[in-house]
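Written below as structure tokens is the structure these notes are about.
Values quoted throughout were computed directly from the atomic coordinates according to the rules given, and no laboratory measurement underlies them. Keep in mind that what you see is a predicted model, and the values were worked out from it rather than measured. Because the Cβ atoms are built from the backbone with ideal geometry, glycine has one as well, and the counts that use them run over all protein chains shown.
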Amino acid sequence: MKFLKYFFYALITLASLFVWVFPQLLRCFCVEYDNFLEIKPNIFVEEKTSKMQQDSLIKYVENAKMRLKTFWGSKNGQATIIFSKNPKTYQKYAKTTEGAGFSIGTPLGSWIILNQDGLNVDVIAHEMCHDELMTKLGWWKTKQEIPTWFDEGLALMLDYRFVSSQDSIQRYNDYRNEVSYLSAIPIPLNELNTQKDFFGHGERFTKIAYLTSAVEVSRKISMKGKKEIFRIINKTEKEGKFEF
Ligand SMILES: [Zn+2]
């Protein structure tokens, strides 16, 4: 009986700790009980989102899925989409006010949180690409092995906000030009391995970090084709070691 009591206390403590450390995770799990409507399976919009925005979201999600399929060959990620029309709600779910979209990936599920600026194909395809990579490798391997620069650089291959060219060599040149406008010296990749490295030094640094990452990934694609990217991902999946 005593054991049961301690077990119960331990469980409560663990659950409280979980909620305290990851409040936004709990919110994502319970999105259907918050002020959201499920307008399609796994697509939630905040209450009072206009019909026009709802229709746009559905259309953009479909287009983003097509973009994923074209690049990856298939789409296996099942992230739930949460659209917050109110910036305060976005902050509650994404734990940040920055950016137009935010992905939360866990071993128990994935969520893509969007604000008004995220209501477009580029942002949705970008976040879906993060989810696709995690779905392919699993949560642990992605967290342990995949450097943030690769994850972000890859997502930019499906996000045409900085560079829209579809020709692989042109895309690489355009990214190189974009980064050279902002910085004469590129950031070394080994300084962009973690989320903190990447996002923790202000807006300008993060923009250079995005472009630097996209230069690296697009360079590989322009030289060896997309198949080289999938060879690297498959090798990471099999051997548990990322080598670019
Ligand atoms: Zn990203």
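Here are some notes:
- Test set (1) free of Cβ contacts under 8 Å to residues at least 40 places away in the same chain; (2) within 16 Å of the chain's Cα centre (by Cα); (3) within 16 Å of the ligand (Cβ to nearest atom) - Trp149 fails condition number: (1)
- Residue identified as within 16 Å of the ligand (Cβ to nearest atom), of a type in the set (Lys, Arg), out of contact with any Leu (no Cβ under 8 Å at 6 or more places or on another chain) and part of a helix (DSSP H, G or I) among Lys143, Lys88: Lys143
- Set Leu192, Leu133, Leu114: member being surrounded by 18 or more Cβ atoms within 10 Å (Cβ to Cβ), under 17 Å from Leu68 (Cα atoms) and of a type in the set (A, V, I, L, M, F, W, C): Leu133
- Among the residues of the range 200-219, those identified as of a type in the set (A, V, I, L, M, F, W, C) and touching a residue at least 24 places away in the same chain (Cβ under 8 Å) are Ile208, Ala209, Leu211, Ala214, Val215, Val217.
- Test: residue in the range 32-49 that is crowded, with 19+ Cβ neighbours inside 10 Å and in a helix (DSSP H, G or I): no
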